[in-house]
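Here is the structure we will look at, set down as structure tokens.
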């Protein structure tokens, strides 16, 4: 294999990992670590491994989604979103299956350090997270095809990842970590909302029953608006309820960005929403970074 072919193949795998959405995997790690820091219980080695595992689970889930959307015929030449590697013929199903096994296998092995450090509960969470990542578009009842994708993303990439990151450092549970995980999960789930809103017409033709298909595009827009609104209410609630420093309101600095995206999802359709999806991912990481800084300060 020549160097040019190797570089080309690497670019294809990078594309298949959906790099524009990957920064969102860091959001729960930032916030969970910030909560641990406030009580002087941070463990940056555990946080670093949690970050790598979070990224790998998202990549693995993206690979599974790419594979089974292709096998089910959901990705074809009429796709509105970005080109998918299998649909374009750049990667074979066999190669993707091997990649899925490799990514989830590495995740499991890395996670054993967290299990050794924090106990069996982390093993249970890790196994459930990997199985859920696979079940997102695979198995007898794929979550993404039955209106459960949004809940899956909110729970596993928001709540579980944030609270789990806190737990592997502090080694105990925190109600504040749970509260802080809610806007993280909502804004990450909004990435999927934009994706499903954009693809609703094609998904309906292919029996992919996302919430945007089941309840309509107006519902999807309302879901997006509500998630943004509730996310920005939570720092205000924490400030008032717990009499914290005004620094906890740092996420409000990103509110103009969020309002811009609300208008975009209201007024855009089709391929023009690809940029909105990318910016929604950036909002999730920006909000979470500001929230983490505010919690620490």
Mind giving me the nanometre distance, one decimal, between the label points for residue 109 and residue 219, set 7 Å out from Cα along Cα→Cβ?
-> 4.3 nm
Gaussian network model of the chain, Cα springs within a sub-10 Å range: biggest mean-square fluctuation belongs to which of 256, 19, 28?
-> 256
With Cα springs under 10 Å, the Gaussian network model of the chain assigns the largest mean-square fluctuation among 104, 247, 215 to 215
Direction-averaged shadow area of the convex hull around the Cα atoms of region 90-133, nm²?
-> 3.2 nm²
Only residues of region 13-46 count here: report those whose backbone N is under 18 Å from the spot 7 Å along Cα→Cβ of residue 178, or say none.
-> 32-33, 35-36
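Quick one: if you take sqrt(5λ) for each eigenvalue of the C-alpha gyration tensor of region 126-212, what semi-axes come out, biggest first, whole angstrom? Write out the running numbers ahead of the final one.
On the way: eigenvalues 159, 44, 10 Å².
Semi-axes, largest first: 28, 15, 7 Å.
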Pull out the extension gain between residue 236 and residue 146, defined as 0.36 nm times the separation in residues minus the alpha carbon to alpha carbon distance; nm, one decimal.
-> 29.0 nm
Quote the FRET efficiency, to the nearest 0.05, computed for residue 268 versus residue 10 with a Förster distance R0 of 35 Å and r equal to the Cβ-Cβ distance.
-> 0.60
Region 162-278 - convex hull of the alpha-carbon atoms, volume per residue in Å³ | 128 Å³
Normalised Cα Rg of the chain, dividing by 2.2 N^0.38 Å with N its residue count, works out at 0.99
GNM on the chain, C-alpha springs below 10 Å: top fluctuator among 45, 120, 175?
-> 175
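Per 0.36 nm of contour for each residue apart, how much would the distance between residue 201 and residue 88 grow if the chain were fully extended, relative to their Cα-Cα spacing?
Difference between extended and current length: 38.6 nm.
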Per DSSP H run of at least 4 residues, take -39500 (n - 2.57); add these up for the chain, divide by its residues and hand me the 222 nm value, nearest 500 deg cm²/dmol.
-> -23500 deg cm²/dmol
Taking a quarter of the surface of the Cα convex hull of region 50-171, what do you get in nm²?
-> 7.6 nm²
Measuring from label point to label point, each 7 Å out along Cα→Cβ, what is the residue 117 to residue 98 span in nm?
-> 3.2 nm
By count of other Cβ within 10 Å, fewest leading, how are 18, 98 ordered?
-> 98, 18
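Rule-based calculations on the coordinates, nothing more; no lab input. Treat the numbers as computed from the prediction; the structure is a model and nothing was measured. A quick note on method: Cβ atoms are made from the backbone with ideal geometry, for glycine too, and the neighbour counts reach across all protein chains shown.
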